[in-house]
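Data block below; observations after.
The values are calculated or read from the model by the stated rules, or taken from the named source; none is laboratory data. Note that the structure is predicted; figures quoted are calculated from it, not measured. Cβ atoms come from the backbone with ideal geometry, glycine included; neighbour counts cover every protein chain shown. The protein model used for the area step is the full one, side chains on, heavy atoms only, and it has no ligands, DNA or RNA in it. Shrake-Rupley method; radii C 1.70, N 1.55, O 1.52, S 1.80 Å.
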Amino acid sequence: MHFVYSPKHLLHNPDTEIQEGVPLPMFEVPQRAERIRQALEADDGFELALPTEHGVAPIDAVHDPAMVRYLETAWRDWRTMSTNPQAVPDTILHPALREGMGPVRQPASPLGRLGYWCFETMTPIVPGTYDAARAAVDVALTTSDLVLAGESTAYGLCRPPGHHSPHSAFGGYCFFNCAAVVAEDLVRSTQEPVAILDVDYHHGNGTQQIFYGRADVLYVSLHGDPDRAYPYFAGHADETGAGAGAGANLNIPLASGCDDASYLAALDRGLERISAFGGTIVVVSLGLDTYGQDPIADFALTSSAYWEIGRRVASLGRRLVIIQEGGYFVPHLGENVRRWLRGVEGRTPDISGGQPTNRWPAGP
Ligand code: SP5
Ligand code: ZN
């Protein structure tokens, strides 16, 4: 299997996020992608491919072009008013602020502009953020190209991730929604419906929002119940799509402590829905923050589950464009991705291979 990787992700390296009002070291760090690359490079079954440039048009097709233009200059904009080493908003556009008052203008102040586009405090912008986010989209679209060229599966090692960014905002460690860009591009180029399966721990509110009114893109997500988990404002089971998209959105919120067996049962529900939907390609938003040791999530999945999840997703018999999203327990992240992808390929979990620093319970 090819995996697509760009070293440009290293340009996005903020050091602090604000969680619960407290500055903390970033969880979404460059080492995540490096760990995954190392694990796949150490396995003969994977071959690295570099991305090709796809330009900005596929991004403008799913995001507000004004936001894309903003992100291009956001760092310079920030520097006109602040010497702080990373740009984080403090005043965020709440929908109730202008209730009954008509549309808001993009603020003249750089700090105001940041709060106009960014919806939370955990997604800092640094000098290389835009170039890294653009490269992540090129990685995703190159992964999709490999599948369109005839490969049954390819994996895009996207970083920063994407699924929290809706059409006109960014946040959740995400800037451009890579999975959504790929899905939209596939719909246009194949004229077929496309299903998205999101197995990141967090609900992909951005992806859901982008396609909520669309019948040609199915969004299926398994995630921590938004009654307790980020992103709080989307991901409930009663969100099933609107207008033409009614019925083309399936949320499966899961309880704290969700284990391998409960997760696999929920996955089977999601896969049934995808089977019943048309199309020949599935876009997977792959997050490994469902792992029992993840520092910001509360599921209890083991490494052996990832092989089985990959195997079951492949059993759909569809081509797969697999896009990296979250996963923050860095020591086991590469090995968990590797197992997922080996499951897809029907190869053994190879629990003896991989990084010698890691130890796991027996595979399936
Ligand atoms: C792509 C992706 O996985 N983004 C995740 C963004 C989540 N950021 C906020 C997490 C807040 C978690 N607070 C829980 C504290 C646990 N002690
Ligand atoms: Zn996540």
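For Phe176, enumerate residues with amide H under 5 Å from its amide H, sequence gap 5+ or separate chain, H modeled in the peptide plane.
Counting only residues 5 or more places away or on other chains, the set is empty.
Considering only Leu264, Leu24, Gly156, whose Cα is most displaced toward the positive end of the charge dipole of the chain, charges sitting on Cβ of Lys, Arg (+1) and Asp, Glu (-1)?
Gly156
Between Ala61 and Ser315, what length in nm is gained on full extension when 0.36 nm per residue of separation is reduced by their alpha carbon distance?
Value of the extension gain: 88.3 nm.
Looking at the chain as a GNM with Cα springs under 10 Å, which of Ala108, Ala96, Ala248 has the largest mean-square fluctuation?
Maximum fluctuation in the GNM of the chain, among the listed residues, is at Ala96.
Given R₀ = 51 Å, FRET efficiency for Glu47-Glu99 by Cβ-Cβ distance, to 0.05?
The pair Glu47/Glu99 has a calculated efficiency of 0.45.
Could you identify which residue out of Gly213, Gly150, Gly334 has the top mean-square fluctuation in a GNM of the chain using Cα springs shorter than 10 Å?
Gly150
Determine which residues of the stretch 79-120 fall in the zone a paramagnetic label at Thr16 would reach in this model, i.e. backbone nitrogen under 18 Å from the point 7 Å along Cα→Cβ.
79, 81-91, 111, 120
Report in % the part of the accessible area of the chain that belongs to carbon and sulfur, leaving out ligands and nucleic acids; probe 1.4 Å.
Roughly 54 percent of what the probe reaches on the chain is carbon or sulfur.
If I model a spin label as a point 7 Å beyond the Cα along the Cα-Cβ vector, how far apart are those points for Val330 and Thr280 in nm?
With each label point 7 Å from Cα toward Cβ, the separation is 4.2 nm.
For Asp198, which sequence-distant residues (separation of 5 or more, or a different chain) have an amide H within less than 5 Å of its own amide H, given hydrogens modelled in the peptide plane?
Long-range HN contacts for Asp198: Val220, Ser221, Leu222, Ser285.
Per residue, how much accessible surface does the chain expose to a 1.4 Å probe? Answer in Å², no decimals.
Here the residues of the chain average 38 Å² of exposed surface.
Between Pro349, Pro85, Pro51, find the one with the highest GNM mean-square fluctuation for the chain; connect C-alpha pairs within less than 10 Å.
Pro85
Taking 35 Å as R0, compute the FRET efficiency from the Cβ-Cβ separation of Asp227 and Ala108 and round it to 0.05.
0.35
Go through the stretch 191-202 residue by residue and turn each phi into a ³J(HN,Hα) via Karplus (6.51, -1.76, 1.60, θ = phi - 60°); whole Hz please, and just put x for glycine and proline.
Once rounded to whole Hz, the list reads 6, 10, x, 10, 9, 10, 10, 10, 10, 5, 4, 8.
How much length would be gained if the chain were fully extended between Asp350 and Ala255, taking 0.36 nm per residue of separation minus their Cα-Cα distance, in nm to one decimal?
Length gained, Asp350 through Ala255: 31.2 nm.
Enter the per residue convex hull volume of the stretch 162-303, computed from alpha-carbon coordinates, in Å³ rounded to the nearest integer. Walk me through the intermediate numbers first.
Working: hull volume 14.4 nm³, N = 142.
Measuring per residue, one finds 101 Å³ for the Cα hull of the stretch 162-303.
Between Ala244 and Gln31, what is the label-to-label distance in nm when each label sits 7 Å out along the Cα-to-Cβ direction?
4.7
Whole-Hz ³J(HN,Hα) for each residue in the stretch 47-58, computed from phi via Karplus 6.51 cos²θ - 1.76 cosθ + 1.60 with θ = phi - 60°, x for glycine and proline: what do you get?
Listing the rounded values in order: 10, 6, 10, 8, x, 9, 7, 10, x, 9, 4, x Hz.
I'd like the distance separating the alpha-carbon centroids of the stretch 90-130 and the stretch 14-60, in whole Å.
Using only Cα atoms, the two centres lie 25 Å from each other.
Which of the three applies to the stretch 213-290, rounded, prolate or oblate, going by the alpha-carbon gyration tensor with a ≥ b ≥ c and a/c under 1.5 meaning rounded?
oblate
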